[in-house]
Structure formats: structure tokens, C-alpha cells
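Here is the structure we will look at.
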Amino acid sequence: MVIGLGRFGTSLALELPRRGTEVLAIDNRPKVAQSLAGQVTHIATADSTDLETLRQLDVPDFYKAVVAIGGDLGASILTTSLPIELEIDDIWAKAVSRHHGRILRRVRTDGGRRTLRRAFVGRVGRPINPANVPVYRLAC
């Protein structure tokens, strides 16, 4: 699942199906979502900060999530917290700054069992990240 279809999220959402991965791509902008119709497995125009909306989209059925929201820090942080609440264990979140990354680390804190490792999307799919956008993996 890829949430946020800017340049980074769109690149990832298009690359993963080429590798045989089923993708649910979500963005709150109808034109952006419509532009990917037929290119990804599932596409939705939705508010990713609404837990009930994510449940209706069957987000809990996915075992990996990428939150690729960078322009709206509040939406990024809230959206990152929701897959955690839905018990998705493998979550990657794009951070636009060190401060943003620090906040994302704190979102995932639960008694020290889970850690946050800095990684680059090139490990998930290539060539999707020519600018080396920092992405944080929130993992068990």
C-alpha cells in the first residue's frame, strides 16, 4: 500500500506492480488518483487521516505500508500512526527533514520493542528515488 501520490509515491506505486506486488495507492486528490487508474492494482481517492476510511479500503489486509506524504507534516504523522493502529507491522514513512524523521520515530514507540531504521527506497524498488529521499522504516 502506498499513501500519498506525489512524485515519490507515484514512482513507487508504479514500480511495485512491475515487480509482481499488489498495490493499493491512496491519495486525497481525485485527479492524481485517476491518473494512475489501470496502472496499479487498486486506486482510491480518500482521506488517509481517517481511520474508518482506511478500514473501509481494507487497509488491514495489507502487510506493508509506505506513507509518502511530505508536503503536509500533520497529515504525514497522523497517516503514519493509523497503519500502526491497524497492526500493519512493516511501515515505511517518508521524512522531509531530520525533525520530521524524529517525530516519526516517536509515533512508533511502544515499550522499546519496535525500532526505526533509516533506509532509502532504493532498497524497496528501483529506480524510484533518484534524489535519495530519506525514508524511515518503522519495523518490529
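The values are calculated or read from the model by the stated rules, or taken from the named source; none is laboratory data. Since the structure is predicted, the reported quantities are computational estimates derived from the model, not experimental observations. Glycine gets a Cβ as well: all are built from the backbone with ideal geometry, and neighbour counts include every protein chain shown.
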Report task. Look at residue 84 and say whether it is within 14 Å of the chain's Cα centre (by Cα), at pLDDT below 90, part of a loop (DSSP other than H, G, I, E, B) and of a type outside the set (Asp, Glu). Result -> no
Query raised in the report: What are the residues in region 40-67 that are buried (at least 16 other Cβ atoms within 10 Å of the Cβ), assigned to a loop (DSSP other than H, G, I, E, B) and in contact with a helix residue (DSSP H, G or I) (Cβ under 9 Å, 6 or more places away or on another chain), if any?
Result: 40, 46, 48, 49, 62
Query raised in the report: Is there a residue in region 4-26 that is acidic (Asp, Glu) and closer than 22 Å to residue 104 by Cβ?
Result: no
Report task. Inspect all residues belonging to region 72-81 and state whether any of them is on the phi > 0 side of the Ramachandran plot, assigned to a loop (DSSP other than H, G, I, E, B) and surrounded by fewer than 19 Cβ atoms within 10 Å (Cβ to Cβ). Result -> no
Report summary line: Within region 13-31, restricting to residues that are surrounded by 14 or more Cβ atoms within 10 Å (Cβ to Cβ) and within 20 Å of residue 82 (Cα to Cα), the one that is farthest from the chain's Cα centre (by Cα) is 28
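Table: residues versus (1) of a type in the set (Val, Ile, Thr); (2) at pLDDT 95 or above.
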{"position": "27", "(1), (2)": "no, yes"}
{"position": "36", "(1), (2)": "no, no"}
{"position": "40", "(1), (2)": "yes, no"}
{"position": "51", "(1), (2)": "no, yes"}
{"position": "62", "(1), (2)": "no, no"}
{"position": "65", "(1), (2)": "no, no"}
Requested in this report: Run down 37, 33 and say which single residue is small (Gly, Ala, Ser), farther than 23 Å from residue 106 by Cβ and not in a helix (DSSP H, G or I).
Outcome: 37
